[in-house]
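The values are calculated or read from the model by the stated rules, or taken from the named source; none is laboratory data. Everything quoted here is computed from the prediction, not taken from an experiment. So basically every Cβ, Gly included, is an ideal-geometry build from the backbone, and we count neighbours across all protein chains shown.
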Amino acid sequence: MSELLILSAITDHMRSRIEAAFDATVLADVDQDAWLAQHGADVRFILTGGHLGVPADIFARLPNAEIISSNGVGYDGVDTDAANARGVPVCHTPNVLNQEVATTALMLYIAAQRNFEAEMANARSGNWEKSGNLPLARSADQRKIGILGLGRIGKAIAAKLAPFDPTIVYYGRSRQDVPFPYYDDLVAMARDCDALICVAPGGAATHHLIDRAVMDALGPEGVLVNVGRGSVVDEVALISALQEGRLGSAALDVFAAEPHIPEALRALPNVILTPHIGSATVETRHAMGDLAIDNLIAWKNGQPLISPVPESAGLL
Ligand code: 8YV
């Protein structure tokens with residue numbers, strides 16, 4: 001008997017909370033096929049991550065699944081149509097990571113703007129003493145910054161940028177009641193901006209939204225920051241834009257086929273790359289894990305889910 005099946009990596013903190021509340025199995029710890037054949041029908045609750053979701057072949061072997069809790073705000077890997085078709089609600093972990101991801105965006109923006117990685121390398125390598133200073137960087141202050149995806153995290157990014165006295169503008173599906181000018185055309189916004197910060201979710205609606213035209217509009221001095229999803233950026237177009245100097249620089253935390261980063265991208269001097277660390281701190285992963293588990297406990301106790309995804313609204 002195992003009522004909870006865990007598909008994603010969990011922290012020690014999550015493990016101890018789960019052990020106290022559930023009879024649980026981590027799928028990676030067992031012989032998957034044999035275990036699913038023997039215990040699949042016992043599983044009522046699923047814990048997974050937003051990239052992995054619940055693979056269709058596994059979901060099919062969990063006929064009595066009642067709830068999917070996805071540890072992350074983005075849930076593009078979770079097939080919500082398949083879950084809806086089976087009447088299984090999905091929940092995720094919004095809000096608790098807003099500040100952390102905003103900090104990551106800010107770090108990347110400043111690092112790109114101020115050429116921080118190359119400056120650090122110039123000092124550490126001893127080249128400063130031999131060859132002197134690098135060309136001057138561009139200030140991170142008083143820039144016009146476009147945000148793609150002005151949701152909860154996008155607004156936190158705007159707030160964290162405030163001391164840099166930026167002009168914030170945004171592009172998204174619709175105009176919002178916010179004090180920032182709205183663009184209904186991403187290319188036009190990119191043309192007007194010094195930097196574009198992408199915090200858009202993944203999925204079909206945002207796939208390759210940042211294409212060659214957007215990069216060319218951002219231009220040879222422009223900075224592209226991506227802390228949303230790699231799928232939003234046309235990575236092939238990005239590599240050539242950076243190689244050809246049509247785009248100034250990019251600072252990326254997310255990639256099209258994680259954890260793979262194309263060699264051509266890694267070889268470029270005008271990129272800053274981090275391995276999807278947007279929410280990766282002890283404190284924030286603790287809070288995300290708690291919310292993912294609290295949703296499962298609420299469901300088990302017959303209480304309302306704390307943070308269901310909008311697509312599940314019809315089931316609740
Ligand atoms: C994590 C994220 O990498 O929450 C998200 O959508 O992209 C990150 O916080 C991921 O969710 C961990 O499962």
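Checking the stated criteria, ASP12 turns out not to satisfy the condition of being of a type outside the set (A, V, I, L, M), more than 26 Å from the chain's Cα centre (by Cα) and more than 15 Å from the ligand (Cβ to nearest atom). Residues in region 211-238 that are without any contact (Cβ under 8 Å) to a residue 40 or more places away in the chain and farther than 22 Å from ARG138 by Cα: 9 in all. The number of residues in region 17-32 that are more than 16 Å from ASN295 (Cα to Cα) and exposed (fewer than 11 other Cβ atoms within 10 Å of the Cβ) comes to 3. Every listed requirement among (1) more than 15 Å from the ligand (Cβ to nearest atom); (2) surrounded by 15 or more Cβ atoms within 10 Å (Cβ to Cβ) is met by LEU47 save one, (1). Being closer than 16 Å to TRP299 by Cα and within 16 Å of the ligand (Cβ to nearest atom) is the filter here, so list the residues in region 50-69 that pass it. Answer for region 50-69, where residues must be closer than 16 Å to TRP299 by Cα and within 16 Å of the ligand (Cβ to nearest atom): ILE68, SER69.
So in region 145-175, with the set limited to residues that are surrounded by fewer than 14 Cβ atoms within 10 Å (Cβ to Cβ) and either in contact with a Phe, Trp or Tyr (Cβ under 8 Å, 6 or more places away or on another chain) or of a type outside the set (Ser, Thr, Tyr) (or both), which one is farthest from MET215 (Cα to Cα)?
Within region 145-175, the first condition is being surrounded by fewer than 14 Cβ atoms within 10 Å (Cβ to Cβ), and the residues that meet it are 159, 162-163, 165, 173-175.
Keeping just the survivors that are either in contact with a Phe, Trp or Tyr (Cβ under 8 Å, 6 or more places away or on another chain) or of a type outside the set (Ser, Thr, Tyr) (or both) gives 159, 162-163, 165, 173, 175.
Details: ALA159: 25, ALA162: 25, PRO163: 27, ASP165: 24, ARG173: 20, ARG175: 23 Å.
Checked region 145-175; the qualifying residue farthest from MET215 (Cα to Cα) is PRO163.
Among the residues in region 104-120, are any outside the structural domain of ALA156 (by TED's automatic domain parsing) and touching a helix residue (DSSP H, G or I) at 6+ places or on another chain (Cβ under 7 Å)? No: zero hits. What about ALA34, is it over 25 Å from ASN301 (Cβ atoms) and either within 16 Å of the ligand (Cβ to nearest atom) or modelled with pLDDT of 95 or more (or both)? Yes; evaluated as a whole, the condition is true for this residue. GLY203 passes every criterion in (1) buried (at least 24 other Cβ atoms within 10 Å of the Cβ); (2) of a type in the set (Gly, Ala, Ser); (3) within 16 Å of the ligand (Cβ to nearest atom); (4) farther than 11 Å from LEU148 by Cα apart from (1). When the helices (runs of 4 or more DSSP H) confined to region 179-272 are screened for residues that are over 27 Å from ALA121 (Cα atoms), those reaching at least 3 such residues are found at 186-192, 212-218.
In this structure, LEU291 does not satisfy being assigned by TED's automatic domain parsing to the domain that holds GLN113 and either exposed (fewer than 15 other Cβ atoms within 10 Å of the Cβ) or hydrophobic (A, V, I, L, M, F, W, C) (or both). Counting only residues that are small (Gly, Ala, Ser), part of a helix (DSSP H, G or I) and farther than 15 Å from PRO269 by Cα, region 119-135 holds 2 of them.
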